[in-house]
1. May I ask you to compute the full-extension gain from LYS204 to TRP263, defined as 0.36 nm times their residue separation minus their alpha-carbon distance, rounded to one decimal in nm?
2. Which of ARG8, ARG92 comes first, and how do the rest follow, when ranked by fewest Cβ neighbours within 10 Å?
3. In terms of the ratio Rg/(2.2 N^0.38 Å) built on C-alpha atoms, what value belongs to the chain?
4. Taking the Cα-to-Cβ direction at ASP46 and at GLU13 and moving 7 Å from each Cα, how far apart do the two end points lie in nm?
5. Near LYS198, which lysines are there with a Cα under 26 Å away, not counting those fewer than 8 places off in the same chain?
6. Once you've got the GNM for the chain with C-alpha springs shorter than 10 Å, pick whichever of ARG126, ARG269, ARG53 has the biggest mean-square fluctuation.
7. For q = 0.22 Å⁻¹, what log10 I(q)/I(0) does region 217-344 give under the Debye formula with an equal point scatterer on each alpha carbon and no solvent?
8. Can you list the chymotrypsin sites (Phe, Trp or Tyr not before Pro) in region 98-163 that are in a DSSP coil and have 14 or fewer other beta carbons within 10 angstrom?
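Nothing in this text is a laboratory measurement; each read-out follows from the coordinates by a stated rule. Worth saying up front: this structure is predicted, and the values here are computed from it rather than measured. For neighbour counting, all protein chains shown are included, and Cβ atoms are generated from backbone atoms with ideal geometry for every residue, glycine included.
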Amino acid sequence: MSDIYISRGKFPEIIGQLMARYRVYAPVLKGEYHEFAKIEKTEEADLGYQNTRLSPKGLFHPHAERMFEYSLVKDDPQAGILKEAPKDFSPRVVLGIRPCDAKAFQLDDVNFDTTAYQDPWWVRRRQTTTLIGLACNEPCGTCFCTSLGTGPFDTAGLDVLLVDTGEGYTAQVLTQKGKDVVGITSGWESVSRTVSEKMEGLRKSAEDSLGRQFDFDPIKQKDMLELFNASFWDEVQFACINCGTCTFLCPTCWCFDIQDEVWGDKGDRIRLWDSCMFPLFTFHGSGHNPRSQKLQRVRQRFMHKLKYYPDKYHNGAACVGCGRCVKFCPVNIDIREVVRRMSATCVCPA
Ligand code: SF4
Ligand code: SF4
């Protein structure tokens, strides 16, 4: 299917047509920051946003999710039996997602949707969601997606890619799901040569503004133990306060904890995001903690993203360069600098 175009003035009609058939999630301004939320009115969708502070991973892996519920009523024959808590898997469109965040879902799939194990809720949400991306014309100063194999106009993981050309939007339809969604909307035109040239100019300008900020390839050749034992971790970890902000905002951090909460004679089994930056994350029932030191936790975060994941899955780094952890770390720890230090670690002769 060739690229199609719609003028800015007609775009709200497209959103309205989508809302008539799907649950539509879009970037919505809440307080100072945008976040992805279900919209009830077309004007709630704000595609003029730069990026959300919190990544949209919660659309598939909610921050706190009731997995099961159970009764604790005495003499209830169903007491203690886990029942799946109600969940909504009706068809959904996520509108305006950035290419880096869509790529992150693909990186996370290796954890939630494998041949050996499938997380049923992640899988169903992925199956029933259509991702309509929005290219980044003006990436943030902390973005570095082009250094990790993706880019501001990348299509990986998307069903449709929109480009804001000023007077309107072009749409590149990439999958059958994308075709189905675009097929229920009307008002599109073919892309003129002027619009096409403008789109190409926007892509080049966005990619050039990011440049290539580091070379990730040397890390792949490094010995894992050599990196693990490198002396620079002491400097990297020094300022970290283990607040967990980096992991909670990150689209490729998927760690969670499962807890039972009891409310009188009812109980819920809840899955909650957790973080390798927290001391309790690895605290064993025996009292032993294999990562009791801050250095061990900071090293784990970076080694997992930049060495363990790439070596295990041969799928690139577990980082898409969205820059959230760089922008919001309260003590300015910068993963780009850590990549440079890991890349530069010498392979010392035995
Ligand atoms: S955001 Fe910064 S200070 Fe907080 S845990 Fe992450 S690296 Fe440490
Ligand atoms: S590690 Fe940082 S830059 Fe990379 S995907 Fe996570 S939040 Fe974004």
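1. Values: separation 59, 0.36 × 59 = 21.24 nm, distance 5.58 nm.
Result for the pair: 15.7 nm of gain on full extension.
2. Working: ARG8 13, ARG92 17.
Result, fewest neighbours first: ARG8, ARG92.
3. The chain yields a ratio of 1.09.
4. 2.7
5. Straight-distance partners of LYS198: LYS10, LYS103, LYS179.
6. With Cα springs under 10 Å in the chain, the top fluctuation among ARG126, ARG269, ARG53 is at ARG269.
7. After summing over all Cα pairs, the log10 values are -1.45.
8. Working: sites: PHE105, PHE112, TYR117, TRP121, TRP122, PHE144, PHE153; in loops: TYR117, PHE144, PHE153.
Hits after loop and neighbour filter: TYR117.
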